[in-house]
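The values are calculated or read from the model by the stated rules, or taken from the named source; none is laboratory data. As the structure is a prediction and not an experimental result, all values here were calculated from the model. All Cβ positions, even for glycine, are placed from backbone atoms using ideal geometry, and neighbour counts span all protein chains on display. Surface accessibility is based on the protein's heavy atoms, side chains included, excluding ligands, DNA and RNA. Shrake-Rupley method; radii C 1.70, N 1.55, O 1.52, S 1.80 Å.
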Amino acid sequence: MNSRFAQFLSVVFHPLLMPTWLFALLLYGAPARLNVDTYSLGARFSVLVLLFLGTFALPSLLIFYLYRIGYLRDMTMPDRADRRLPFLLTGFIYTGVTYFFAFRMSLFSATSPGVSVLLAGITLSILLVGMINQYWKISAHSVGVGGVLGAVAGLLAKSGDTDLFLPLVGLIAISGLVGSARLQLNAHTLAQVGAGLGLGLLVSLASVSWLL
């Protein structure tokens, strides 16, 4: 894998984009798993836009602001020290988004509680990454892709349907590619990539298994 392709993968599968990819897959590829199959395509798109704004646009703008005022030297945050405040603030934002979907959108959360459960798992993963980052530079990219993989695997195991089988196979391949990309860019060690993948998998699997 060359560095340009590795950089491309790191951007496309950025940790902040992974919730959008996950919910796009579930809302349109397997809507019954979240009990949103009765919603129109337009309604599902509106939900996806809200999720994108809360889980990607808002934290990205905040990180960009920290960069513009000089708090961050690099938008990619290669140093562990640079990640502390962005991870903390992102965790707070994700907590707010989870609260909004769980308690402020009461009708939607009553009919489709799976969205809030998955958001809660994602939020927990981010908070754990922020805590671990105080001592060790765990791979957030691997946590993100591992979380999506775990969520899809958990939903597939609980439902017994096959509509998520091919996406699961694709996600396994993507997880390997993203991990290889982070190693190619010398952004993380093999241990940091493996630990991130394991953390994302475990938190998402536990969330789906215990709460859905």
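The share of alpha-carbon pairs in segment 1-52 lying farther apart than 13 Å comes to 62%. Its alpha carbons give segment 92-162 an Rg and a Dmax of 14.0, 41 Å.
Solvent exposure of MET1, expressed as accessible area, is near 90 Å², computed with a probe of 1.4 Å over the protein chains only.
Between LEU168 and GLN7, the distance separating the two model label sites (each 7 Å from Cα on the Cα→Cβ line) works out to 3.7 nm. Value of Rg to Rh for the chain, rounded to two decimals, is 0.96; Kirkwood radius and Rg both from alpha-carbon coordinates. Convex hull volume of the C-alpha atoms in segment 59-98, normalised per residue: 60 Å³. Surface exposure of the chain, expressed per residue as accessible area with a 1.4 Å probe, stands at 49 Å².
Taking 0.36 nm per residue of separation and subtracting the Cα-Cα distance, full extension of the segment from LEU177 to TRP210 would add 8.9 nm.
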